[in-house]
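The values are calculated or read from the model by the stated rules, or taken from the named source; none is laboratory data. Quick caveat: nothing in here was measured; it's all calculated off a predicted structure. Cβ sites come from the backbone with ideal geometry, for glycine too, and all protein chains shown count toward neighbours. SASA here: full protein model, heavy atoms, side chains in, ligands and nucleic acids out. Shrake-Rupley method; radii C 1.70, N 1.55, O 1.52, S 1.80 Å.
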Amino acid sequence: MKLKLTIAFSAFLALGTFAQTFTNYTSADGLLSDNVNCLDSDASNNLWFGTQNGLSMFDGSTWTSYTTTDGIIDNTIQAIHVAANGDIWLGTDFGASVLASGIWTSYTSADGLGN
């Protein structure tokens, strides 16, 4: 019985060393909105949050925000994709935007998008 308790306690301690830590981010931290629709990360481990109020990027210490005033097509971001070359693609209800070499370019149905 004592051996079984020792094994069970050892297993419990071993599992505890692999516990995960969760960090919550809100608008009080710098996120543009508490309503996050999508998330991706890039090769530098920056986190890209698509929110109802625009795009927020977190590099581990600093928040950077992008909205329509910065060149994205719409502030309600529905999808994010970080491409292998580092470009950041956004999908919205009004078109798509891409951040390439620090410049935003947007595409709509007038540019050939189906909808």
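For the stretch 89-99, residues that are under 21 Å from N35 (Cβ atoms) and in contact (Cβ under 8 Å) with a residue 24 or more places away in the chain total 2.
Scan (1) β-branched (V, I, T); (2) without any contact (Cβ under 8 Å) to a residue 12 or more places away in the chain; (3) surrounded by 14 or more Cβ atoms within 10 Å (Cβ to Cβ) for the single condition T51 breaks and write down its number. That leaves (2) as the condition not met.
Pairing each residue of the stretch 69-88 that is at pLDDT 95 or above with any residue that is open to solvent by less than 30 Å² (accessible area, probe 1.4 Å) and among the aromatic types (F, W, Y), provided the two are 6+ apart or on different chains, yields C-beta distances under 7 Å for I80/W48; V82/W48; I88/W48. Among the residues of the stretch 30-48, those identified as outside any strand (DSSP E or B), open to solvent by 20 Å² or more (accessible area, probe 1.4 Å) and hydrophobic (A, V, I, L, M, F, W, C) are L32, A43.
When the stretch 61-115 is examined, which residues are found to be outside any strand (DSSP E or B), closer than 17 Å to N46 by Cα, open to solvent by 60 Å² or more (accessible area, probe 1.4 Å) and not hydroxyl-bearing (S, T, Y)? If the condition is that a residue be outside any strand (DSSP E or B), closer than 17 Å to N46 by Cα, open to solvent by 60 Å² or more (accessible area, probe 1.4 Å) and not hydroxyl-bearing (S, T, Y), then A84, N85, G102 are the ones that fit.
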